[in-house]
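The values are calculated or read from the model by the stated rules, or taken from the named source; none is laboratory data. Since we're looking at a predicted model, the values are computed, not measured. Quick reminder, even Gly has a Cβ in these numbers, built from the backbone with ideal geometry, and neighbours come from all protein chains shown. In case anyone asks, the SASA skips ligands and DNA or RNA and just uses the protein heavy atoms, side chains included. Shrake-Rupley method; radii C 1.70, N 1.55, O 1.52, S 1.80 Å.
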Amino acid sequence: MDTKPFTSGLSEHAVMITRVAEGQWHALDDDLVVGRGHAEHRPDGRLFVSIDAWHDAVFDRLAEAMPAVLPAPLYTVVDEADVELTAGWRRAGFTIRRREWEYVVPTDPRVTGLDEVLPPSGVTIVPAGEADERLLRAVDRAIRDEVEATVGWQSMPAEVMSRPEGDTIVDPSKYAVAAAPDRYLGLIRVVPGNRPRIGLVAVRADEQRRGIARALLAHALGTLHRSGFAAAWTEVHEANQAASALFEDIGARPMSSNLELVR
């Protein structure tokens, strides 16, 4: 347990910064928790930190204490609209690494214009939970290698970045795929819940511009619509103009933006 006092002005007592468990810190003011810090490794191996504190002084002290005992680099994600939180991380030496736009995506095919979209000749859509795991991992690996050779996999949404061993398939049941007779050509990952999220839409480079991505979206959004969901959500890296155009063409609209910062 690591404990460091400092005087915050919150009370006549010194605020204690205490490491209460692996990856967890508390800021205590006269035994009252006035701030919490958390550190967690994402599936891709990167270490993300977060802080919840009412006072800037407490935030700053946690943001000083945590990096002192954690290995660099450190990452965090904030809502760009939260100016105060962003400023706090900037004071702590974090800089903006990337911006992701969050889109709300309608599911009604009459709104998206996908009601009559079909996959190209020779291609079928295999629903989520029915894909052959070996072929799924093969297409995932092929697409990953293609992305890495061009814009770099670091440009992909954080939730689909690879684990240290290079595996990006966390739960095969969440993937629908576009299938040719001998291999898979593309995939779409949908995470169910109260707010269904489209985590990834990707097609092999030599199969792009055939309408496969639109067919995958038509299938996934149609499935959600029949299940009673009016909208889904997705994140798009601001530099990925093709993805932005794909979603905006079916009526998706940006609602907010997140910043990933690094120190």
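Hey, could you check region 183-195 for residues that are modelled with pLDDT under 95 and part of a loop (DSSP other than H, G, I, E, B) and say which is surrounded by the fewest Cβ atoms within 10 Å (Cβ to Cβ)?
Within region 183-195, the match that is surrounded by the fewest Cβ atoms within 10 Å (Cβ to Cβ) is ASN194.
Only one of (1) part of a strand (DSSP E or B); (2) in contact with a Ser or Thr (Cβ under 9 Å, 6 or more places away or on another chain) fails for SER256. Which number is that?
(2)
Could you tell me which numbered condition VAL105 fails, if it satisfies all but one of (1) in contact (Cβ under 8 Å) with a residue 60 or more places away in the chain; (2) touching a strand residue (DSSP E or B) at 6+ places or on another chain (Cβ under 7 Å); (3) surrounded by fewer than 20 Cβ atoms within 10 Å (Cβ to Cβ)?
(3)
Pick from region 215-253 the residues that are in a helix (DSSP H, G or I) and among the acidic types (Asp, Glu): which of them is least open to solvent (accessible area, probe 1.4 Å)?
The residue in question is GLU248.
For the list (1) open to solvent by less than 20 Å² (accessible area, probe 1.4 Å); (2) modelled with pLDDT under 95; (3) under 18 Å from VAL123 (Cβ atoms), I need the number of the one condition that ALA178 fails.
For ALA178, the failing item is (2).
Only one of these is open to solvent by less than 50 Å² (accessible area, probe 1.4 Å), touching a helix residue (DSSP H, G or I) at 6+ places or on another chain (Cβ under 8 Å), closer than 21 Å to ARG97 by Cβ and of a type outside the set (Phe, Trp, Tyr): VAL34, VAL49. Name it.
After applying the criteria, what remains is VAL49.
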